[in-house]
Amino acid sequence: MEDYTLSNGLKIPKIGFGTWQIPEGDEAYNSVAYALEVGYRHVDTAQIYGNEVSVGRAIADSGLSREDIFLTTKVWNDKHSYDLAKESIDESLKKLGTDYLDLLLIHWPNPKALRENDAWKAGNAGAWKAMEEAYKEGKVKAIGVSNFMIHHLEALFETAEIKPHVNQVLLAPGCPQEELTAFCKEHDILLEAYSPLGTGSIFSNETAKEVAEANNKSVAQVALRWSLQKGFLPLPKSVTPKNIKANLDIFDFTLSDEDMAKLDSLQGVKAQEDPDKVGW
Ligand SMILES: NC(=O)c1ccc[n+]([C@@H]2O[C@H](COP(=O)([O-])OP(=O)(O)OC[C@H]3O[C@@H](n4cnc5c(N)ncnc54)[C@H](OP(=O)(O)O)[C@@H]3O)[C@@H](O)[C@H]2O)c1
């Protein structure tokens, strides 16, 4: 597994295993266990996914040492203050059964409950302070954000001592978010690509199928390869063993500039939701 290096020097495996919508219990346990067995070394979960306990158990039972696995979780929208985020970090550590996280993210920048009078700005500043403290204490090896657009990042920079190491946003063929990704690259913030297969919406796209056929690869593989060639870190989710395995097989080919341009402009694949308008 190849790595990227974050701005603080931490290595992060170039592809991560997504776990959104994988139910707590056997399904989460078995999927993560299989992903680790076939070579993933990076797992992405979140408090709100409700599966931290099974994800943690699968990691503990994998036979791998904890240091060989990169584990991410996220602070949910009801924990946007210094005190609540502090509690939330300890709760995630407990559920995951580990004494440190590799990466902790603020899941969304602008919770519905904090929209009036821009209360979200203080919410993020408070949560971020708790995350910076956890980082200094060694409970977390890197800190970052998710679904942050440029104005959310600029607001965070006003009070942050440490700049986010990562921004995890929707990046998929048809949704390259060029302005945001250029801004993040300028600030040395690694982009993680969530929903890199458009939560499955890419599979019916004819252009994606043509690019896949021309490269003798699957639609999923060319979408994930597109992500890597953009410098993003894709987080594909699957509960299907053959898909879990096949999604790692993306390091032995290169998409041409023409194929990349075709994938940049795919129509009808899932797009980033406006974080200032989401219903949560
Ligand atoms: N930060 C955020 O707000 C946020 C939001 C969304 C997602 N995420 C993260 O990003 C991860 C991935 O995003 P996502 O869950 O939206 O979905 P995704 O990875 O874009 O797509 C998953 C879908 O594609 C199917 N699939 C996967 N590999 C396939 C293959 N090789 N061939 C055919 N079908 C395949 C899966 O079905 P099977 O399971 O049946 O294979 C599933 O239906 C999440 O799990 C989560 O970790 C973060």
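The values are calculated or read from the model by the stated rules, or taken from the named source; none is laboratory data. Remember, predicted model here, so these are calculated numbers, not experimental data. The protein model used for the area step is the full one, side chains on, heavy atoms only, and it has no ligands, DNA or RNA in it. Shrake-Rupley method; radii C 1.70, N 1.55, O 1.52, S 1.80 Å.
Computed as a quarter of the hull surface, the mean projected area of the alpha carbon convex hull for the range 51-97 stands at 3.4 nm². Solvent-accessible surface of the chain, taken per residue with a 1.4 Å probe and all protein chains present: 43 Å². Taking all protein chains together, Tyr40, Tyr82 sort by accessible area into Tyr82, Tyr40, largest first [probe 1.4 Å].
Leaving out same-chain residues fewer than 8 places away, which lysines sit with a Cα under 23 Å from that of Lys139? Candidates past the 8-residue exclusion: Lys11, Lys14, Lys74, Lys79, Lys86, Lys94, Lys95, Lys129, Lys163. For q = 0.16 Å⁻¹, what log10 I(q)/I(0) does the chain give under the Debye formula with an equal point scatterer on each alpha carbon and no solvent? Those come out to -1.28, one per q. The heavy atoms of Glu24 present about 80 square angstrom of accessible area, all protein chains included, probe 1.4 Å. Is the shape of the range 1-87 rounded, prolate or oblate, going by the alpha carbon gyration tensor and its root eigenvalues a ≥ b ≥ c, with a/c under 1.5 for rounded and a/b larger than b/c for prolate? It is oblate, given that a/c is not under 1.5 and a/b is not larger than b/c. Candidate cross-link partners of Lys112 among the aspartates and glutamates, defined by an alpha-carbon separation under 16 Å and a same-chain spacing of 8 or more, comprise Asp78, Glu273, Asp274, Asp276.
When a 1.4 Å probe is rolled over the protein heavy atoms, the share of accessible surface on the chain that falls to carbon and sulfur comes to 48 percent. Taking the C-alpha atoms only, the angle from helix 119-137 to the longest principal axis of the chain is near 90 degrees.
Could you order Arg115, Arg57 by accessible surface area, starting with the largest, using a probe radius of 1.4 Å?
Values: Arg115 65, Arg57 110 Å².
The ranking, largest first, comes out as Arg57, Arg115.
Rounded to two decimals, the Cα-based Rg/Rh of the range 163-280, with Kirkwood Rh, is 0.96. Binning all Cα-Cα separations of the range 1-145 at 5 Å, short to long from zero, yields these whole-percent fractions: 2, 10, 20, 22, 19, 14, 8, 3, 1, 0. The heavy atoms of Arg41 present about 60 square angstrom of accessible area, all protein chains included, probe 1.4 Å. Counting heavy atoms of the protein chains alone, Val219 has an accessible area of about 20 Å² for a 1.4 Å probe.
Panel values: the range 71-131, Kirkwood radius from alpha carbon pairs, Stokes-Einstein at 10 °C and 1.306 mPa s, translational diffusion coefficient 137 µm²/s.
Before anything else, pin down the relative contact order of the range 56-162: Cα pairs under 8 Å, at least 6 apart, normalised by residue count, whole percent.
Worked out over the range 56-162, it gives 30 percent.
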